[in-house]
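Visitor: Got a structure here, written out as structure tokens. Questions coming.
The values are calculated or read from the model by the stated rules, or taken from the named source; none is laboratory data. On a predicted model such as this, the values are computed, not experimentally measured, just so you know. Neighbour counts run over all protein chains shown; Cβ positions are idealised from the backbone, glycine included.
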Amino acid sequence: MKKVSFLFLVAFIAITSCNNAEKQSLKEQSKVTSEQRAQSERSITGVYSGTLPCADCPGIETSLKFKPQNKVEKTTLYLDSNDTEKTMKGSYKINTDDGLIVVTLSDNKKEFYRMKSDSAIVMLNSDKKEVTGPIADAYVLTK
């Protein structure tokens, strides 16, 4: 009887110590992820602007204002057109694995960006790839 009780005690201690170690590991991973998220948010916060290409006008003056708590505001103005300024609000999410910035605007339209440097982001196409060719630099917005 004492041997059986002793075996149960040893098994119980082994199981609880593994669970505690596993829980601690998950807490540490969660903490790192939260810290990475906060760092990414701090590094992108600010206003990025530039003139994006336009098929039937000289360009679309665009600014993206990344705010704390994953809020974003996008303002566009079609050059050489009257009363075309439009501001949309939404949210953004930064994928810490690949640095992809997903902007979801109030019309549920998603746009994709990637950090190019500390002071520049690049607008990606719908396939989440950078535009290539002679106008590639026109898709870069600077802080």
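Visitor: In segment 78-90, which residues are modelled with pLDDT under 95 and among the aliphatic types (A, V, I, L, M)?
Guide: Hit for segment 78-90 is LEU79, nothing else.
Visitor: Name the residues in segment 123-143 that are over 15 Å from TYR92 (Cα atoms) and assigned to a strand (DSSP E or B), would you?
Guide: Within segment 123-143, GLU130, VAL140, LEU141, THR142 meet the criteria.
Visitor: Taking segment 58-89 on its own, how many of its residues are over 20 Å from VAL140 (Cα atoms), surrounded by 12 or more Cβ atoms within 10 Å (Cβ to Cβ) and out of contact with any helix residue (DSSP H, G or I) (no Cβ under 8 Å at 6 or more places or on another chain)?
Guide: So the count comes out to 4.
Visitor: Restricting segment 99-143 to residues that are in contact with a Ser or Thr (Cβ under 6 Å, 6 or more places away or on another chain) and of a type in the set (D, E, K, R), which is nearest to LYS67 (Cα to Cα)?
Guide: LYS143
Visitor: Kindly list the number of the only condition in (1) basic (Lys, Arg); (2) within 13 Å of the chain's Cα centre (by Cα); (3) within 18 Å of GLY59 (Cβ to Cβ) that fails for LYS71.
Guide: LYS71 satisfies all of (1) basic (Lys, Arg); (2) within 13 Å of the chain's Cα centre (by Cα); (3) within 18 Å of GLY59 (Cβ to Cβ) except (3).
Visitor: For the structure I just gave you, tell me whether ASP83 is outside any loop (DSSP other than H, G, I, E, B) and among the acidic types (Asp, Glu).
Guide: no
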